[in-house]
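Just so you know, all these numbers are worked out from the coordinates, no wet-lab data involved. Just so you know, these numbers come straight off a predicted model, no measurement behind them. Note that each Cβ is placed from the backbone with ideal geometry, even for glycine, and that neighbours are counted across all protein chains shown.
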Amino acid sequence: MTKKSDSEDEKKRREHPIAKFLGVLLTAVCAFIIGWIVKGMLPERAGGMPEGMLPPPPGEPLVKVEPARLEALNPPVDFIGRVEPIRDVDLGARISGYVTKVNFEEGAWVKEGDLLFEIDPEPYEAVVALRKAELAQAEAEVERADRYLKRLNASDARGITQADMDKAESDVAAGNARVVQARASIRLAEIDLKHCRIHAPIAGKTGLAVATVGDYVAPSIGTLVRIVQVDPIRVVFSMTDREYLEWRDKIVDERWQNVMRLRLRLPTGVVSDRIGEPDFENNEMSAQTATLPIRIRFNNRDGLLIPNSYVTVMIDVKNPVPYPVVSQSALQTTADGDFVYVLGENLKVARRKVKTGDMANGVVELLEGVKDGEQVVVEGLLNLSDGISVRVETPPQNAAASDADGSMTNRGAAEI
């Protein structure tokens, strides 16, 4: 009896009303949460779709338009270029000797013909004097041989043998040869003496001086100082075969300097105001890279272009032709090509196939298909098709009026 009574008491405790209520409440809350999650994962009906998934409202599409305007975009094409001197020289000694004077400072600008080094001239002056003495001796021997030959010619032929006559004539000829040799030796000695003074063969900027006063120099030492011409100076860059042919198409039969504008952007980002002139193009493409080296000459009076530094070469057209331009957002592309929508009469749009040119600053040139002043759709293109009516945010204004009140800028037109 006791065990049965305990079992019934435990069952009653389990079925307490409060516990039963809490269990039902918990079940209801869990069911609500699960239902809310499932509802969020399922697509809603049209009336409750999130923004962006709604179908387009009935009626005419809403668009923005802007007038096409004439503008010469002329964006430059950039190439990496290397600065190189037009002329440079590694100046060395052509004779041996001790340096007695250095007449320049390292890093200084020198002119062509300036005296840079002096080598002790005394040994070479002595050689010149010796060679002059040898010339005088040779000339004296020739004079003696010539007088002897003249006496033989004036004497009675019966008292002179043919051997004596032949010897006298050969002595004169040998003496003349020694005179010529002595004069050549003098010339060589004078050349060596002249090379005791080393002059700048070009104008330019000097580098490090290898030799100073008291140093012994010789041709085997190599460069004593390097001189680099820095004004004018050249910049060399390479065009691919395709780029070169494309630029040739733009130039046609004109010369580079008549059509193209050649400028530089320095490593600091500053665009230099100096204008380059084409120097020359290489005579063949590189077989390894299919590029053609092209050299441009620039003035460098301010010395900002340093040989072997790198700059950006900017090439554009000197006198560009203006074309109608519109925002790039107006341009649509299909497999058939590029097109835009143009707003016509009665607020109907027409699809126009266009030929594009350069793009810059968010606008694109339209070489064909659109005229200056025509209103082009730049926003709301998704639901457009050829010939449909549209609504614009503000009635389109005339492009000429926009120019008159200054509402248009070089970068873009006012949105209407």
State the volume of the convex hull built on the alpha-carbon positions of segment 198-339, expressed per residue in Å³ and rounded to an integer. 212 Å³
Please compute the net charge surrounding Leu135, taking Lys and Arg as +1 and Asp and Glu as -1 over other residues with Cβ under 10 Å from its Cβ. +2
Cα convex hull volume per residue for segment 104-152, in Å³, equals 78 Å³
Distance cut-off 19 Å, percentage of C-alpha pairs in segment 156-245 lying past it: 72 percent
Based on the mean of other Cβ atoms within 10 Å per residue, sort peptides 108-121, 220-233 so the most packed one is first. 220-233, 108-121
Apply the Debye scattering formula to segment 96-250, with a single equal point scatterer on each alpha-carbon and no solvent, then give log10 I(q)/I(0) at q = 0.09, 0.12, 0.17, 0.20 Å⁻¹. -0.59, -0.73, -0.99, -1.15
Per the Cauchy relation, a quarter of the hull surface: what is the mean projected area of the convex hull of the alpha carbons in segment 122-195, in nm²? 4.8 nm²
Under the Karplus curve 6.51 cos²θ - 1.76 cosθ + 1.60, θ = phi - 60°, whole-Hz ³J(HN,Hα) for segment 319-328, x wherever Gly or Pro sits: 10, x, 8, x, 10, x, 10, 9, 5, 5
